[in-house]
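S.K.: Structure incoming, see below.
The values are calculated or read from the model by the stated rules, or taken from the named source; none is laboratory data. All values derive from a computational prediction rather than experimental measurement. Methodologically, a virtual Cβ is constructed for each residue, glycine included, from the backbone with ideal geometry; neighbour enumeration extends over all protein chains shown. Note: accessible area is taken over every heavy atom of the protein model, side chains too, but ligands, DNA and RNA are not part of it. Shrake-Rupley method; radii C 1.70, N 1.55, O 1.52, S 1.80 Å.
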Amino acid sequence: MFLGIEALDEDALKAHRKRVTLNENLRALEIARSLGLTVAINIIADPSWDEARFAAVRDWALTVPEVVHLTVATPYPGTELWLTESGSSPRATTRLF
């Protein structure tokens, strides 16, 4: 099962608009484990992270038996992240159709 925990702190969860708490995410992980599911966890890495933040996530990932996958936050056209970040740096847009 793929579980989008996305963040390991409340502020980042709010920034991703997850509408769940860290405790709720960890409870979902516990339930999946209790059901015997193999879980892959996703965490969204923000481009602003420094070495310490990556180290904290790595340290947490080493404490859980699941595969922990990092996805870099990417501002895709049409998303809120694109709209809020597009003013800070130029981006090229490409039509895919």
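S.K.: Go through segment 16-55 and count every residue that is farther than 14 Å from I5 by Cβ and either more than 13 Å from the chain's Cα centre (by Cα) or part of a helix (DSSP H, G or I) (or both).
M.R.: Qualifying residue count for the region: 12.
S.K.: Something else about it: Only one of (1) assigned to a loop (DSSP other than H, G, I, E, B); (2) modelled with pLDDT of 75 or more; (3) surrounded by 10 or more Cβ atoms within 10 Å (Cβ to Cβ) is not met by R91, so which one is it?
M.R.: Going through the list (1) assigned to a loop (DSSP other than H, G, I, E, B); (2) modelled with pLDDT of 75 or more; (3) surrounded by 10 or more Cβ atoms within 10 Å (Cβ to Cβ), R91 breaks only (2).
S.K.: So, one more: Which residues, counting only those in segment 34-51, are surrounded by 10 or more Cβ atoms within 10 Å (Cβ to Cβ), of a type outside the set (S, T, Y) and in contact (Cβ under 8 Å) with a residue 12 or more places away in the chain?
M.R.: L37, V39, A40, I41, N42, I43, I44, A45, D46
S.K.: Determine whether V57 is at pLDDT 95 or above and either of a type in the set (V, I, T) or in contact with a helix residue (DSSP H, G or I) (Cβ under 8 Å, 6 or more places away or on another chain) (or both). If you could, list the steps in order and put the result at the bottom.
M.R.: On the way: at pLDDT 95 or above: yes; either of a type in the set (V, I, T) or in contact with a helix residue (DSSP H, G or I) (Cβ under 8 Å, 6 or more places away or on another chain) (or both): yes.
Criteria met by V57.
S.K.: Go through (1) open to solvent by less than 90 Å² (accessible area, probe 1.4 Å); (2) modelled with pLDDT under 90; (3) in contact with a strand residue (DSSP E or B) (Cβ under 7 Å, 6 or more places away or on another chain) and name the single condition L70 misses.
M.R.: All conditions are met except number (2).
S.K.: Taking segment 12-33, which residues are at pLDDT 90 or above and open to solvent by 60 Å² or more (accessible area, probe 1.4 Å)?
M.R.: R19, N23, E24, R27, E30, I31, R33 - these are the residues of segment 12-33 that are at pLDDT 90 or above and open to solvent by 60 Å² or more (accessible area, probe 1.4 Å).
S.K.: Still on this structure, please answer the following. Of the residues that sit in segment 66-78 and are out of contact with any Phe, Trp or Tyr (no Cβ under 8 Å at 6 or more places or on another chain) and free of Cβ contacts under 8 Å to residues at least 24 places away in the same chain, which one is farthest from P47 (Cα to Cα)?
M.R.: G78
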